[in-house]
Amino acid sequence: MSSNASSPKAGRDRSPIVGVIVVAAGSGTRLGAARPKAFAPLGSRTILARSLDPIFSMQREAQVVVVAPAELVDEARSIVTDAAGPAAQYASVVAGGATRQQSVARGLDALGDSVRIVLVHDAARALTPTSVFDAVVTGVAQTAAGIVPGVPVTDTIKRVDDDEVVVETVDRAELRAVQTPQAFPRAALAAAYADAEREHTDDAALFAAAGNTVSIVEGDQLSFKITTPWDLRRAEALESSADSTGLRTGIGTDVHAFDDAAELWLAGLHWPGERGLSGHSDGDPVCHAITDALLSAAGLGDIGSVFGTSDPEFAGAHGDVFLRATVQKLTEAGFAISNVSVQIIGNSPRFSPRRSEAERLLTGILSAPVSVSATTTDGLGFTGRGEGICAIATAIVSRQYS
Ligand SMILES: Nc1ccn([C@@H]2O[C@H](COP(=O)(O)OP(=O)(O)OP(=O)(O)O)[C@@H](O)[C@H]2O)c(=O)n1
Ligand SMILES: C[C@](O)(CO)[C@H](O)COP(=O)(O)O
């Protein structure tokens, strides 16, 4: 990932005018998780990873600066790279400060020269919809004021004294609970930060303290801040109701070319006397396709990204090694395997005599039903010409809720 995220793509300056600072450097004391809050799990991902989804779906290209705890900058970089995809050249990570305000200041320092509108967003508001990001950008572009999403207060609000005695009931019609992303013209926000004399609880307060106007646009209930364990449970429940059956499917395909010098390993079985397949491991396309299907169903990547395509640890490794490690990864991520189905496409070996043996073996490894079928392609294509074997697998996994 570029450390100078403002560098334009070669030949054409597409440097973004919108910058998004995602503050993720807090410790999350009130959440009390084992890791700093933004790195705590939300389903099978981290809070930070989930918070980046809507940002990389914005209408306009944006420079994204994630502010992470100093000791987790490398981990944050890999999360951001995964989330950014082709936009990675406009994404970077910097170390945060002791307070939220200091963390935002470090994010501001990392913005490129092209940025004119700055959004400051809490990673902790992980479920914020993209529409809110687009709305605050539009608001700043149209008004040059600070634009902040807010929602009406639904409880009756009381002002109390030091002894918790009610002094007055505040008119809630005048109140808004404000959220993030909060958006500002870059120059005015930078000047307000430079002049700030005390800590504020949000950027809008700091911006207003410098004499600037702040307006509210409609926020979203999904933008609630994950602060306590109860908030995290709510976020988990909302995410799981997004896939309300709890079931997820995955697909995996693998192809290996015949290699007459190699032994054949197929569907976890050794096939003495049959033409072997080439590969860094044992070249078993059935086990590799199943591995891809399972990882994909659980949203955990693919065999290349998880195990590497040339890692010496897996030189000559048999398919069961990948399958067992994949089962463990799915279990750790909270998924159970419902079933797997694989089709082998190729002229040889004749598979049906050993189908039951293969299904028993694979079912035992995965502790879930595995069915394997085989077909030819009527002499067509590379399998028809006898150049190699293809396997296509589908998997269904279910999320486990404890
Ligand atoms: N020094 C800090 C403190 C907070 N934040 C970020 O500011 C956002 C809002 O802060 P809050 O929810 O209060 O997070 P924490 O400070 O981590 O929580 P707590 O107060 O419970 O420790 C979070 O995304 C948090 O990571 C930050 O980047 N740097
Ligand atoms: C910025 C903020 O999310 C707006 O509501 C809020 O002020 C952060 O407060 P915290 O005390 O750091 O949680």
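Where a number appears in this text, it was derived from the coordinates with a stated rule and is not lab data. Computed from a predicted structure; not experimentally measured. Counting neighbours? That spans all protein chains shown, and the Cβs are built from the backbone with ideal geometry, glycine included.
The table for this structure:
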{"read-out": "Projected-area average for the stretch 45-122 over all orientations - Cα convex hull basis, square nanometres", "value": "5.1 nm²"}
{"read-out": "Inter-label distance for Arg176 and Gln59, nm, one decimal - labels placed 7 Å from Cα along Cα-to-Cβ", "value": "1.9 nm"}
{"read-out": "Dipole magnitude of the stretch 18-171, debye to nearest 20 (Cβ charges: Lys/Arg +1, Asp/Glu -1, about Cα centre)", "value": "460 debye"}
{"read-out": "Cα coordinate range in the stretch 68-109, projected on the principal axes (Å, largest first)", "value": "31, 20, 11"}
{"read-out": "Projected area, mean over directions - the stretch 306-359, Cα convex hull, nm²", "value": "5.4 nm²"}
{"read-out": "Most to least packed among 360-367, 104-111, 323-330 [average Cβ atoms within 10 Å]", "value": "104-111, 323-330, 360-367"}
{"read-out": "Quotient of C-alpha Rg and 2.2 N^0.38 Å, computed over the stretch 109-232", "value": "1.17"}
{"read-out": "Rg to Rh, two decimals, where the stretch 150-292 supplies the alpha carbon set and Rh follows Kirkwood", "value": "1.36"}
{"read-out": "The stretch 224-299: translational diffusion in µm²/s, Stokes-Einstein, Kirkwood Rh over Cα pairs, 20 °C, 1.002 mPa s", "value": "139 µm²/s"}
{"read-out": "In degrees, nearest ten, helix 229-242 long axis to first principal axis of the chain (Cα)", "value": "50 degrees"}
{"read-out": "Using alpha carbons only: equivalent-ellipsoid semi-axes of the chain, gyration tensor based, whole Å", "value": "52, 24, 17"}
{"read-out": "Hull volume in cubic angstrom per residue (convex hull over the Cα atoms of the stretch 329-402)", "value": "94 Å³"}
{"read-out": "Descending Cα extents along the principal axes, the stretch 1-155, whole Å", "value": "47, 40, 28"}
{"read-out": "Angle between the chain longest axis and helix 73-84 axis [Cα atoms, degrees, rounded to 10]", "value": "80 degrees"}
{"read-out": "Area projected by the alpha carbon convex hull of the stretch 247-399, averaged over all directions, nm²", "value": "8.3 nm²"}
{"read-out": "Principal-axis tilt of helix 319-332 within the chain, Cα atoms, nearest 10 degrees", "value": "30 degrees"}
{"read-out": "Ordering of 42-51, 19-28, 197-206, 287-296 by packing [mean C-beta count within 10 Å, highest first]", "value": "287-296, 19-28, 42-51, 197-206"}
